[in-house]
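Q: One structure, pasted below without further comment.
The values are calculated or read from the model by the stated rules, or taken from the named source; none is laboratory data. These numbers were taken from a predicted model, which means no experiment stands behind them. A quick note on method: Cβ atoms are made from the backbone with ideal geometry, for glycine too, and the neighbour counts reach across all protein chains shown.
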Amino acid sequence: MKYFRRILLVLNIIAAMGLLLSYFAPVINPYKYWQFGILGLMFPFMIFINLFFSVFWLLRKRWFALISLLVIAMGWNAFSGIIGLKLPQSSDPDDKAIRVMSYNIRALSKLANYPTKSPKENKEKFAFFMEENKLPHILCVQESTMPNIKFLQSSMAYPYYCRYPGYNSNTAILSVFPIDNSGVVKFDKGNGDCVWADINLDGKIIRFYSVHLHSNTISIQADTLIKIDNIEKNKTIKGVEGMFQKYKFATRVRYEQAKKIKKHMESSPNPVVICGDFNDTPQSFIYHVLSEGMKDTFKERGIGFGTTWAGNLPGLKIDYILADPSVNVISHDIYRRQFSDHYPITTTLLFQ
């Protein structure tokens, strides 16, 4: 029994050190030390591991519980990125409040999984969901197709949209307000893309971005590894190594993409709102680059766990809405509906 406790203590110390190092992930460039990107990605899991050890030792009345408890306390501010403790305002302050949704729809491919009689019924189910939850004034989508856009326009009455298929762009912005100007932020490499639109909100021009940063492309490998019948030592080690190498490449590509977007945002003559799938957690350098000087609507008005990924890697928050600091954030909601491998997120904003 004593030997078993020693093993657990060593594992506890390793987990605590991992969590402690992950606190530095947002400020360490992944180009130099990509391993910190991995620690940032693992941040939600390391919290739960350390909580487990804390409870385990407390139940046994051991002072070892302080190891994880102290490390958790040291990074308390970092938890606001994944756990929301802010209640929304009781009601919209006036009719000038704007609802904004960001949604990686994955070409609406998951609608085929719904047990209804036809694709048409599935699309109607999705349209009903959107209407039921107050249709957003501005909808920023990622991984969309032109048929998706036409469906969203026709079923939800969005008269304005911007998308650049010639640029091989899968992001789009749909709006009930006029679009005065629009364009793309071109990336040198990677599979992500970004479009922007200057939207006229009754005389006030706001620049909106719909962003999809380079994917990690590890979800299929992760799905394979977590299946019990595939857990073989050699396969698992090679699979994990492959995932790390993909993440190493992906996080560096995302950093270059994030720099381009940030530079474009800083040159905007109008206040900015950026929506999208960053493919990285709040405890990442990429999030730090894009969110600096912005309001994260989840941190401002989110409640509960901020998970936005609906796949087999639990606890991941990789979708965001970041608003200009002058904006009043009224609410932030995450809808746990699996029309995609992401959950849609919505915020209500009041522009001063």
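Q: Which residue pairs have Cβ atoms under 6 Å apart, sit 6 or more places apart or on different chains, and have a first residue in segment 174-187 that is in a strand (DSSP E or B) and a second that is at pLDDT 95 or above and among the acidic types (Asp, Glu)?
A: Taking only residues 6 or more apart or on different chains, the pairs are ASP180/ASP198; ASN181/ASP198.
Q: Identify the residue in segment 333-346 that is hydrophobic (A, V, I, L, M, F, W, C) and outside any loop (DSSP other than H, G, I, E, B) and, among all such residues, is surrounded by the fewest Cβ atoms within 10 Å (Cβ to Cβ).
A: Initially, segment 333-346 is screened for residues hydrophobic (A, V, I, L, M, F, W, C), giving 334, 339, 345.
The next check asks that each one be outside any loop (DSSP other than H, G, I, E, B); those that pass are 334, 345.
On the way: ILE334: 20, ILE345: 25.
My answer is ILE334.
Q: Which count do you get for residues in segment 52-70 that are outside any loop (DSSP other than H, G, I, E, B) and in contact with a helix residue (DSSP H, G or I) (Cβ under 7 Å, 6 or more places away or on another chain)? Break it down stepwise before answering.
A: Of all residues in segment 52-70, those outside any loop (DSSP other than H, G, I, E, B) come to 52-59, 65-70.
Still in the list and also in contact with a helix residue (DSSP H, G or I) (Cβ under 7 Å, 6 or more places away or on another chain): 53-54, 57-58, 65, 67-69.
Adding up the residues that qualify gives 8.
Q: May I ask you to verify whether LEU290 is at pLDDT 90 or above and under 27 Å from THR346 (Cα atoms)? Lay out the reasoning, then the answer.
A: Working: at pLDDT 90 or above: yes; under 27 Å from THR346 (Cα atoms): yes.
For LEU290, the condition - at pLDDT 90 or above and under 27 Å from THR346 (Cα atoms) - is met.
Q: Could you run through segment 293-313 and say how many residues are surrounded by 24 or more Cβ atoms within 10 Å (Cβ to Cβ), modelled with pLDDT of 95 or more and part of a loop (DSSP other than H, G, I, E, B)?
A: Matching residues across segment 293-313 total 0.
Q: Does MET130 satisfy the condition of being modelled with pLDDT of 90 or more, under 25 Å from the mean Cα position of the chain (by Cα) and either closer than 26 Å to TYR320 by Cβ or not in a loop (DSSP other than H, G, I, E, B) (or both)? Break it down stepwise before answering.
A: On the way: modelled with pLDDT of 90 or more: no; under 25 Å from the mean Cα position of the chain (by Cα): yes; either closer than 26 Å to TYR320 by Cβ or not in a loop (DSSP other than H, G, I, E, B) (or both): yes.
So MET130 fails the test.
Q: Quick check on segment 322-332. Is at least one of its residues farther than 19 Å from LEU135 by Cα, surrounded by fewer than 17 Cβ atoms within 10 Å (Cβ to Cβ), out of contact with any Pro (no Cβ under 6 Å at 6 or more places or on another chain) and hydrophobic (A, V, I, L, M, F, W, C)?
A: Within segment 322-332, not a single residue is farther than 19 Å from LEU135 by Cα, surrounded by fewer than 17 Cβ atoms within 10 Å (Cβ to Cβ), out of contact with any Pro (no Cβ under 6 Å at 6 or more places or on another chain) and hydrophobic (A, V, I, L, M, F, W, C).
Residue by residue, here is whether (1) surrounded by 21 or more Cβ atoms within 10 Å (Cβ to Cβ); (2) under 18 Å from the mean Cα position of the chain (by Cα); (3) part of a helix (DSSP H, G or I) holds:
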{"site": "ASN12", "(1), (2), (3)": "yes, no, yes"}
{"site": "PRO26", "(1), (2), (3)": "yes, yes, yes"}
{"site": "TYR33", "(1), (2), (3)": "no, no, no"}
{"site": "PHE36", "(1), (2), (3)": "yes, no, yes"}
{"site": "PRO44", "(1), (2), (3)": "yes, yes, yes"}
{"site": "ILE72", "(1), (2), (3)": "no, no, yes"}
{"site": "ALA78", "(1), (2), (3)": "no, yes, yes"}
{"site": "LYS96", "(1), (2), (3)": "no, no, no"}
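Q: Just to verify a result, which residue in segment 185-201, among those that are under 17 Å from SER267 (Cβ atoms) and crowded, with 18+ Cβ neighbours inside 10 Å, is modelled with the lowest pLDDT? Working first, answer last.
A: Filtering segment 185-201 for residues under 17 Å from SER267 (Cβ atoms) gives 185-187, 194-198.
Now narrow it down to the ones that are crowded, with 18+ Cβ neighbours inside 10 Å: 185, 187, 194-198.
Numbers: VAL185: 94, PHE187: 91, CYS194: 94, VAL195: 96, TRP196: 97, ALA197: 97, ASP198: 98.
It comes out as PHE187.
Q: Could you check how many residues of segment 258-289 are closer than 21 Å to THR308 by Cα and either in contact with a strand residue (DSSP E or B) (Cβ under 9 Å, 6 or more places away or on another chain) or in a helix (DSSP H, G or I) (or both)? Give the steps one after another, and end with the answer.
A: Kept after step one, since they are closer than 21 Å to THR308 by Cα, are these residues of segment 258-289: 258, 273-289.
Right, trim to either in contact with a strand residue (DSSP E or B) (Cβ under 9 Å, 6 or more places away or on another chain) or in a helix (DSSP H, G or I) (or both) and you get 258, 273-279, 282, 285-289.
Final tally of qualifying residues: 14.
Q: Moving to a separate point now. Going residue by residue through segment 8-20, is there one that turns out to be closer than 20 Å to GLY306 by Cβ and in contact with a Leu (Cβ under 6 Å, 6 or more places away or on another chain)?
A: Here is the first cut: in segment 8-20, the residues closer than 20 Å to GLY306 by Cβ are 19.
Cutting the leftovers down to in contact with a Leu (Cβ under 6 Å, 6 or more places away or on another chain) gives us none.
No, every residue in segment 8-20 fails to be closer than 20 Å to GLY306 by Cβ and in contact with a Leu (Cβ under 6 Å, 6 or more places away or on another chain).
Q: Here's a follow-up. Only one of LEU316, LEU322, LEU349 is among the aliphatic types (A, V, I, L, M), touching a residue at least 12 places away in the same chain (Cβ under 8 Å) and in a loop (DSSP other than H, G, I, E, B); which?
A: Working: LEU322 fails: in a loop (DSSP other than H, G, I, E, B); LEU349 fails: in a loop (DSSP other than H, G, I, E, B).
One residue alone meets the criteria, LEU316.
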